[in-house]
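Structure first, then comments.
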Amino acid sequence: MVVNQNIIDELIEQAEKEAPNESCGYLLGKDGVVTENYWMENIDHSPEHFAFATKDQFAAMRYAREKGLTILANWHSHPASPSRPSQEDLRLANDPTIRYAILSLHEGIHLNSFKIINHQVVDKEVHL
């Protein structure tokens, strides 16, 4: 998956604005290239986990379809921990067709994405 700098800048801005809580959304695009960050509210308003509202997920899917885009990744921030999936992230990663991106604000800014299948990381890409 390719994440251009302008999208990375959006994610950083969003994550810093919502810190200390986790920020979240979907990364949309075509052919493995992210063209949009679709922000979604973290309805848990928590620094340690996130959740999407079901209505927001359906709205994101509808928006992507209307624009001819694909949901390439589910993303969230880790304001105070590294850019790697927590045990909860692994447990909740139920869609093997997308990547799971984590933007860490901890000890510098890092963005990695992971392919997670059967609650195990099978691939990691470093984006920043």
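Coordinate-derived values only; no laboratory data. Quick caveat, the model's predicted, so the values are computed rather than measured. All Cβ positions, even for glycine, are placed from backbone atoms using ideal geometry, and neighbour counts span all protein chains on display.
Quick notes on this one:
- Gaussian network model of the chain, springs between alpha carbon atoms under 10 Å - residue of Asp95, Asp56, Asp31 with greatest fluctuation: Asp31
- Pairwise label distance in nanometres, Gln57 with Asp9, each label 7 Å out on the Cα-Cβ vector: 3.2 nm
- When both bridge partners sit in the chain, DSSP labels roughly 75% of those beta bridges antiparallel.
- Were the residues from Asp44 through Ile109 laid out at 0.36 nm apart, the gain over their Cα-Cα distance would be 21.1 nm.
- Peptides 71-79, 10-18, ordered by how many other C-beta atoms sit within 10 Å of their residues on average, highest first, read 71-79, 10-18.
- The chain: relative contact order as a whole-number percent, Cα under 8 Å and 6+ apart: 21 percent
- From phi via Karplus (6.51, -1.76, 1.60), per-residue ³J(HN,Hα) for region 3-18 in Hz, x at Gly/Pro: 10, 5, 4, 5, 6, 4, 4, 4, 4, 4, 4, 5, 5, 5, 5, 8
- Estimated [θ] at 222 nm from DSSP helical runs (n ≥ 4, -39500 (n - 2.57)) normalised by residues in the chain, nearest 500: -8000 deg cm²/dmol
- Other residues with beta-carbon under 15 Å from the beta-carbon of Gly32 carry, at +1 per Lys or Arg and -1 per Asp or Glu, a net charge of -1.
- Loop-located GluC sites (Glu not before Pro) in region 31-128 (DSSP state not H, G, I, E or B) with no more than 15 neighbouring Cβ atoms inside 10 Å: Glu41, Glu48, Glu107.
- Interatomic Cα distance distribution for region 1-87, bins of 5 angstrom, percent: 3, 16, 24, 24, 21, 11, 2, 0
- For region 11-79, the relative contact order comes to 41 percent (Cα pairs under 8 Å, sequence separation of at least 6).
- A Gaussian network model of the chain, with springs between Cα atoms under 10 Å, assigns the largest mean-square fluctuation among Thr70, Thr35, Thr54 to Thr54.
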